[in-house]
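To start, the structure itself, in structure tokens.
The values are calculated or read from the model by the stated rules, or taken from the named source; none is laboratory data. Since we're looking at a predicted model, the values are computed, not measured. Backbone-built Cβ (ideal geometry, glycine too); neighbour counts: all protein chains shown.
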Amino acid sequence: MMQTEILLPDAAGVARAAAILRQGGLVALPTETVYGLGGDARSDAAVARIFAAKDRPRFNPLIVHVPDLAAAEMLAIFDARARALAGAFWPGPLTMVLPLRKGTGLSDLVTAGLPTVAVRVPAHPLAQHVLRDYGGPLAAPSANPSGRISPTRAEHVLDGLADRIDAVLDAGPCAVGIESTILGLVGRAVLLRPGGIPAEVLEQALGQALHAVGDTEKPSAPGQMASHYAPQAPLRMNATEAEPDEVLIGFGTVKGELTLSATGDMVEAAAGLFQTLRDADRRAGRSGRIAVAPIPETGLGRAINDRLRRAAAPRKSG
Ligand code: TXA
Ligand code: MG
């Protein structure tokens, strides 16, 4: 197929990325969370290409990335809560699901036909530069084949999507390392996906507890499906010792062959999570398994455990 261009994180790389996007092509871009696979959110053809490159089910809507709140307000209807959170956490790893405005020109494929839209303002300076140069809304799911481990480096993007996308803008590793927190704000405030901003921090800002995902909010979305973020090797959580065929990923006082953070630092653990899962998968080989030390269920630990639970879940074939 096409040969994927590797773009440098300089002015020429940004200009090339923006030009490809304006032509309806696909560019994997660094964000502070994970690399995103960007395409023109107004183009059915570009968005269809995103779904095809990732092998992603069509009923799973995409996050739309914009450079600032003003651009987000052209797509979604903000209430006082949403505006306050945007003021506090944008740019940054917060995605809000809000009522979709009419006549935005967004492709129906982006929202999967829902009356809502997920919007996010990324903080990564290169994502910001590309968004401003390109000048439109960008649909960008994580730049990995659907169901596999999310990419936190350009090499991870190429591992999964080489020759299926036009370009990748290589800016090294992502600082946060775990996807954005997704907050539903259509009616009550619902935590749709734990992520880079701890739920407690959002609760503090909102002055109220977040609701768990209920049946009415539940879209049939891979990020919310049981098996996701999956390495090849089976994975076991809450392990304090390795069994003979296991590669143990440690945390804090649980020492492993690898570790998420020897000092028990949650920020370090989140930043290295997906790279460490890839390393463990390689070490486990064809017949081995992965075991992971217990991670506290607080702060970023909630997002880390969410990803580990999905990686540990029974796999659906295909
Ligand atoms: O950090 C991130 O959020 C990264 C970077 C690239 O921005 N993006 C990302 O996208 O994680 P993706 O597609 O892998 O996950 C997006 C999640 C999916 O689970 C999808 O179902 C959900 O957002 N989503 C999108 N639109 C939605 C909507 N209208 N209602 C409910 N969930 C929605
Ligand atoms: Mg994803």
- [ ] Please enumerate the residues belonging to region 21-48 that are of a type outside the set (A, V, I, L, M), crowded, with 18+ Cβ neighbours inside 10 Å and not in a loop (DSSP other than H, G, I, E, B).
- [x] GLY36, GLY38, GLY39, ASP40
Task: Qualifying position, being near ligand 1 (Cβ under 10 Å from one of its atoms) and basic (Lys, Arg), among ARG193, ARG148, ARG164 - done: ARG193
Open item on the list: I'm trying to understand the selection: among the residues of region 281-294, which are among the hydrophobic types (A, V, I, L, M, F, W, C) and more than 17 Å from ALA313 (Cα to Cα)?
Closed with: ALA284
- [ ] Take region 124-164 and flag every residue that is within 15 Å of ligand 2 (Cβ to nearest atom) and of a type in the set (Val, Ile, Thr).
- [x] ILE149, THR152, VAL157
- [ ] Go through the residues of region 106-117 one by one and say whether even a single one is of a type in the set (D, E, K, R), assigned to a helix (DSSP H, G or I) and touching a Pro at 6+ places or on another chain (Cβ under 8 Å).
- [x] no
Open item on the list: Being away from ligand 2 (no atom under 16 Å from the Cβ) and of a type in the set (S, T, N, Q): is that true of THR116 here?
Closed with: yes
TODO: Could you figure out which of (1) in contact with a Lys or Arg (Cβ under 6 Å, 6 or more places away or on another chain); (2) surrounded by 15 or more Cβ atoms within 10 Å (Cβ to Cβ) isn't true of GLY105?
DONE: (2)
- [ ] Those residues that are within 18 Å of ALA313 (Cβ to Cβ), modelled with pLDDT under 65 and away from ligand 2 (no atom under 16 Å from the Cβ), I need them from region 211-222; list them, please.
- [x] LYS218
- [ ] Determine which single condition ASN144 fails, assuming it passes every other condition in (1) at pLDDT 95 or above; (2) farther than 24 Å from PRO9 by Cβ; (3) not in a helix (DSSP H, G or I).
- [x] (2)
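Let's see how each residue does on (1) surrounded by 22 or more Cβ atoms within 10 Å (Cβ to Cβ); (2) at pLDDT below 95; (3) under 27 Å from PRO61 (Cα atoms):
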| site | (1), (2), (3) |
| --- | --- |
| PRO173 | no, no, yes |
| VAL176 | yes, no, yes |
| ILE182 | yes, no, yes |
| GLU203 | no, no, yes |
| ALA209 | no, no, yes |
| GLN224 | no, yes, yes |
| MET237 | no, no, no |
| THR253 | no, no, no |
Open item on the list: For region 165-194, give me each residue that is in a strand (DSSP E or B), more than 16 Å from ligand 2 (Cβ to nearest atom) and under 14 Å from the mean Cα position of the chain (by Cα).
Closed with: LEU183
Open item on the list: Of everything in region 134-168, what is among the hydroxyl-bearing types (Ser, Thr, Tyr) and touching a helix residue (DSSP H, G or I) at 6+ places or on another chain (Cβ under 6 Å)? Give them in sequence order.
Closed with: TYR134, SER146, SER150, THR152
- [ ] Name the residue, out of PHE51, PHE78, that is without any contact (Cβ under 8 Å) to a residue 40 or more places away in the chain, buried (at least 16 other Cβ atoms within 10 Å of the Cβ) and either outside any helix (DSSP H, G or I) or more than 9 Å from ligand 1 (Cβ to nearest atom) (or both).
- [x] PHE78
Open item on the list: What pairs come out if I take residues in region 166-182 that are within 14 Å of ILE304 (Cβ to Cβ) and pair them with residues that are among the aromatic types (Phe, Trp, Tyr) and within 13 Å of ligand 1 (Cβ to nearest atom) whose C-beta lies under 9 Å away, six or more apart or interchain?
Closed with: GLY177/PHE274; ILE178/PHE274; THR181/PHE89
